[in-house]
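No value in this document is a laboratory result; all are computed from the given coordinates. Please read these numbers as outputs of a predicted model, since none were measured by experiment. Methodologically, a virtual Cβ is constructed for each residue, glycine included, from the backbone with ideal geometry; neighbour enumeration extends over all protein chains shown.
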Amino acid sequence: MIPFNRPYLAGNEIKYIKQAIKSGHISGNGQFTQKCQSFFENKYGFKKCLMTTSCTDALEMAGVLLDIQEGDEIIIPSYTFVSVPNAFVLKGATIRFVDSESDHPNMDISKIEALINSKTKAIIAFHYAGIALDMNKLVGIANKHHIYVIEDVAHSIDSYYQNKALGSFGHFACFSFHETKNIQAGEGGMLAINDEKFIDRAETIWEKGTNRAAFTRGEVEKYEWIDKGASYLPNELTAAYLFAQLEKLEFIQNKRLEIWNYYFEKLNKLCDSANVGFPIIPSYGTNNAHIFYMVLNSEKKRDGLISHLQSNNILGIFHYLALHNSPYYRKNNSCNELRNAESFEKTLIRLPFYIGLKNKDLNNVVKSVINYF
Ligand SMILES: *Cc1c(COP(=O)(O)O)cnc(C)c1O
């Protein structure tokens, strides 16, 4: 079977894990955690980065930092991962879902303003497949209404909007290093903070509501409970593994782009001949080759392709189930039809994508897809 994903090993993971163990510091916020955080701060200009155990946790931290509570409203695309609303529902927030664009899984920014009211606290800017939303437009709307922007950059490491890294537009940005992402540590995440006024409090929330980080730096004499918090920081072994991946970022991104370009070159003729949709990369954005997807013209056709690939020992898979139709949301809320999100739920397929996918296998996937049509 050609799997959908296989985590890539960059080479130095075990060496750095050994170093962490030998150093005698394997709990959080050690040398490797700081190296990973500095990597992002220096390369992308995020004001402050804090490693977390997952992107889900980073989203929750953002919720704590914004004091999200019962009655607050958060605007979220329907076509995204369940962690996103969950992080805010846990705090009692009400979720307002936005539809996708007709030709792209990204949310339709023109539909946001109609959902804003005096209770709206934040918009989640999720860049599907690492392809940027129009951030000038989105930030413009948020500023006009004094609403926070939280970027979900789980797909978007090293991707750009008008030459500025995704993750630098929101007050916060939440990264994932889950094993299915471009850069991975099995499970892992990071909160990037771009609004300086949140930095001190973020460090406190990160370390169980204590001023331990400041204490470790010698800035305060006692280490005390000073705010709400939880344990969001990963251990050093995770950070050591992650740092080995970050060192190879450029190589990883280039390799992934090769695979992406190969698929596109071989398959994009299906666009006219079989009415298949392919990712659209807007002129303002870049492609970080997180996902290669195709959009078919019906659910039957898409499910047929999944079965066809399976019979050829290839795992092609669908993606998100539109969240406004999920049993949990339906039980507590109502939402109008969001046609485009529902349509991507039924018609989008992702092809196997990982470094180490052999040319022979890539070729097989392509042949199999073409045979189907
Ligand atoms: C993977 C993913 C997450 C969750 O990441 P974890 O690190 O597994 O918590 C959140 N949002 C999106 C869009 C994702 O793809």
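Quick look at the values:
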item	result
Between helix 31-44 and the chain: long-axis angle, C-alpha atoms, 0 to 90°, nearest 10	60
Helix axis angle, 236-247 relative to the chain longest principal axis, alpha carbon, degrees	50
Residue order, fewest to most beta carbons within 10 Å, for 36, 335, 271	271, 335, 36
Ranked list, fewest to most other Cβ atoms within 10 Å of each Cβ, for 260, 206	260, 206
About the Cα centre, charge dipole magnitude for the chain (Lys/Arg +1, Asp/Glu -1 at Cβ), debye	820
Rough spin-label spacing in nm, given labels placed 7 Å along Cα→Cβ, for residue 199 and residue 271	4.4
Cα long-axis angle, helix 249-267 against the chain (0 to 90 degrees, to the nearest 10)	20
Cα-centred dipole magnitude for the range 322-364, charges only on beta-carbon of K, R (+1) and D, E (-1), debye, nearest 20	120
Amide proton proximity set for residue 94, modelled H, under 5 Å, gap of 5+	71, 72, 73, 74
Check: the range 280-337 dipole with +1 on Lys, Arg Cβ and -1 on Asp, Glu Cβ, in debye	120
